[in-house]
Amino acid sequence: MIRFAMMRHGHTAWNRAHRIQGRTDIPLDDQARADLSAFALPQEWKEADLYATPLSRARETAQIVAGRQAQVVDALIEMDWGRWEGQKGLDLKADPKSGFRDIEQWGWGYRPPGGESAAEVWDRVAPWLFGLKRDSLAVCHIGTMRMVLAKAYGWDFDGPAPFAVKRNRLFVVELQGDEIRVADPSIIRLERRDA
């Protein structure tokens, strides 16, 4: 059995402006860097293999919190939001021609215009995930995390999610063979450096 932990990157200017980032490489903002510097990985995760997506916000978050460089994994890159990237969800929702719907009404097959469906994200992440050989931690993105957690929880993007992806926490699943399940504990808070 392998444990796999995921952590969401720190804030960017687009996060704070409620803009959809997707694969646009928006860096951490200065406040995020300051906030993240107050945290460290929990002791039990300090020696885990460390991975991050190619996007700078994830790589820098890993460096700040873990104090070491992460191995970059292309498969973990954020979901492609297509033509919605850079726009605000509320603006898209107000435009009936945009096709926008909340992710809780996507199912596995819905795709943003020019983007990826949940199933397509899972199909690119799963081969890498099930190839892990030891406990591992990835700093990644809410879209990617949702796909992995959806599989672990058995959620089909139909109604409210049974989890909420928050920052400064590790979300942990267990992998065995080709099965994925929620770990116990499923959420572990980062440690405060001054604690």
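The values are calculated or read from the model by the stated rules, or taken from the named source; none is laboratory data. All of these numbers come straight from a predicted model, not from anything done at the bench. When we count neighbours, we look across all protein chains shown, and the Cβ atoms used for this are built from the backbone with ideal geometry, even at glycine. Accessible surface is based on the protein model in full, side chains and every heavy atom, while ligands, DNA and RNA are left aside. Shrake-Rupley method; radii C 1.70, N 1.55, O 1.52, S 1.80 Å.
Calculate the dipole size of the stretch 66-116 relative to its Cα centre from +1 charges on Lys and Arg beta carbons and -1 charges on Asp and Glu beta carbons; express the result in debye to the nearest 20.
Taking the Cα centre of the stretch 66-116 as origin, the dipole is about 80 debye.
Using only the alpha-carbon atoms of the stretch 1-114 as identical scatterers, what base-10 log of I(q)/I(0) does the Debye formula give at q = 0.11, 0.13, 0.23 Å⁻¹?
Here the Debye-derived log intensity ratios amount to -0.44, -0.60, -1.27.
Tell me the per residue accessible area of the stretch 119-170 using a 1.4 Å probe; a whole number in Å² is fine. Walk me through the intermediate numbers first.
Numbers: 2080 Å² over 52 residues.
Roughly 40 Å² per residue, with all protein chains present.
Can you report the principal axis dimensions of the chain using only the alpha carbons, biggest first, rounded to whole angstrom?
Largest to smallest, the principal-axis extents are 49, 41, 26 Å.
For residue 8, what accessible surface area do you get with a 1.4 Å probe? Give it in Å², rounded to 10.
40 Å²
Taking 7 Å along the Cα-to-C-beta vector as the label spot, tell me the residue 93-residue 156 distance in nanometres, rounded to one decimal.
In this crude spin-label approximation the distance works out to 2.4 nm.
For residue 97, give me every one of the lysines with a C-alpha distance below 30 angstrom, ignoring sequence neighbours fewer than eight places off in its own chain.
Hits, sequence-local ones excluded: 88.
Rounded to the nearest 0.05, what FRET efficiency do residue 176 and residue 37 give with R0 = 41 Å and r taken as the Cβ-Cβ distance? Could you check?
E(calc), rounded to 0.05, equals 0.70.
If you build the Cα gyration tensor of the stretch 61-175 and take the root of 5 times each eigenvalue, what three semi-axes come out, in whole angstrom, biggest first? Provide the component values of the computation, followed by the final result.
Details: eigenvalues 138, 54, 38 Å².
Computed over the stretch 61-175, the values are 26, 16, 14 Å.
Report, in debye and to the nearest 20, how large the dipole of the stretch 35-120 comes out about its Cα centre when Lys and Arg carry +1 and Asp and Glu carry -1 on their Cβ.
240 debye
Using Cα pairs closer than 8 Å and at least 6 residues apart in sequence, work out the relative contact order for the chain, in percent.
32 percent
So how do 120, 78 rank on accessible area, 1.4 Å probe, biggest first, that is with the largest at the start?
Correct descending sequence by accessible area is 120, 78.
With a 1.4 Å probe and all protein chains kept in place, how much accessible area does residue 11 have, in Å² rounded to the nearest 10?
60 Å²
Which order do 184, 102, 25 take by accessible area at a 1.4 Å probe, largest first?
Order by accessible area, largest first: 184, 25, 102.
How large a share of the accessible area of the chain, in percent, is made up of carbon and sulfur atoms when the probe is 1.4 Å and the other protein chains stay in place? Walk me through the intermediate numbers first.
Numbers: 4330 of 9320 Å².
Roughly 46 percent, rounded to a whole number.
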